[in-house]
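The values are calculated or read from the model by the stated rules, or taken from the named source; none is laboratory data. Just so we're clear, the structure is a prediction, and the values are computed from it rather than from any experiment. Every residue, glycine as well, gets a Cβ built from its backbone with ideal geometry; the counts of neighbours run over all protein chains shown.
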Amino acid sequence: MYDNQNVFAKIIRGEIPARRVVENDYAISFYDVNPMCSTHVLVVPCGEYENILDFARRASAEEQAGFWDCFVKTADKLGIDGEFNVFANAGLSAPLFNQSVFHFHLHLIAGERTDACKEIMRSMLCEE
């Protein structure tokens, strides 16, 4: 069940500040507070969706189009074009990265890796 008190819901409602990049009626993007690279933003639908499958299954065509419009405008505004990563986490036991906020969001990541990112990559490569 969706928790409307999660941090992203509070950001969407303006209860918690965030460094917003782009917003429309259906989605917002803002900088991640724990960036993995020099550019690390989250693109978040305004509707109450727990993960990417929930969004894909239940969001209207208009909501999905608005979300992707926000995504593209975010990439354009940040000058992201050719070399970047996009990912979504789902669930507490996801195989690579656990979902920590149960509101669907995409990570849009580009630029130089942070020290935290380098450490995570080293630990993943050494993990058995």
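What pairs come out if I take residues in segment 49-70 that are modelled with pLDDT of 95 or more and pair them with residues that are in a helix (DSSP H, G or I) whose C-beta lies under 6 Å away, six or more apart or interchain?
That search, which allows pairs on different chains as well, returns Tyr49/Phe55.
Considering each residue of segment 90-128, count those that are free of Cβ contacts under 8 Å to residues at least 24 places away in the same chain and surrounded by 11 or more Cβ atoms within 10 Å (Cβ to Cβ), and give that number.
Summing the residues that are free of Cβ contacts under 8 Å to residues at least 24 places away in the same chain and surrounded by 11 or more Cβ atoms within 10 Å (Cβ to Cβ) in segment 90-128 gives 6.
Residues are listed down the side, and each one gets a yes or a no for (1) surrounded by 14 or more Cβ atoms within 10 Å (Cβ to Cβ); (2) touching a helix residue (DSSP H, G or I) at 6+ places or on another chain (Cβ under 7 Å); (3) of a type in the set (Gly, Ala, Ser):
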position	(1), (2), (3)
Ala18	yes, yes, yes
Val22	yes, yes, no
Asp32	yes, no, no
Thr39	yes, yes, no
Val43	yes, yes, no
Tyr49	yes, yes, no
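Considering each of Tyr26, Tyr31 in turn, give the residue that is in contact with a Phe, Trp or Tyr (Cβ under 6 Å, 6 or more places away or on another chain), closer than 25 Å to Gly79 by Cβ, at pLDDT 95 or above and of a type in the set (Ser, Thr, Tyr).
Sole residue among the options that is in contact with a Phe, Trp or Tyr (Cβ under 6 Å, 6 or more places away or on another chain), closer than 25 Å to Gly79 by Cβ, at pLDDT 95 or above and of a type in the set (Ser, Thr, Tyr): Tyr26.
Does Ile11 meet the test of being surrounded by 17 or more Cβ atoms within 10 Å (Cβ to Cβ), farther than 25 Å from Met1 by Cβ, of a type outside the set (Gly, Ala, Ser) and in contact with a Phe, Trp or Tyr (Cβ under 7 Å, 6 or more places away or on another chain)?
So Ile11 does not fit the description; no.
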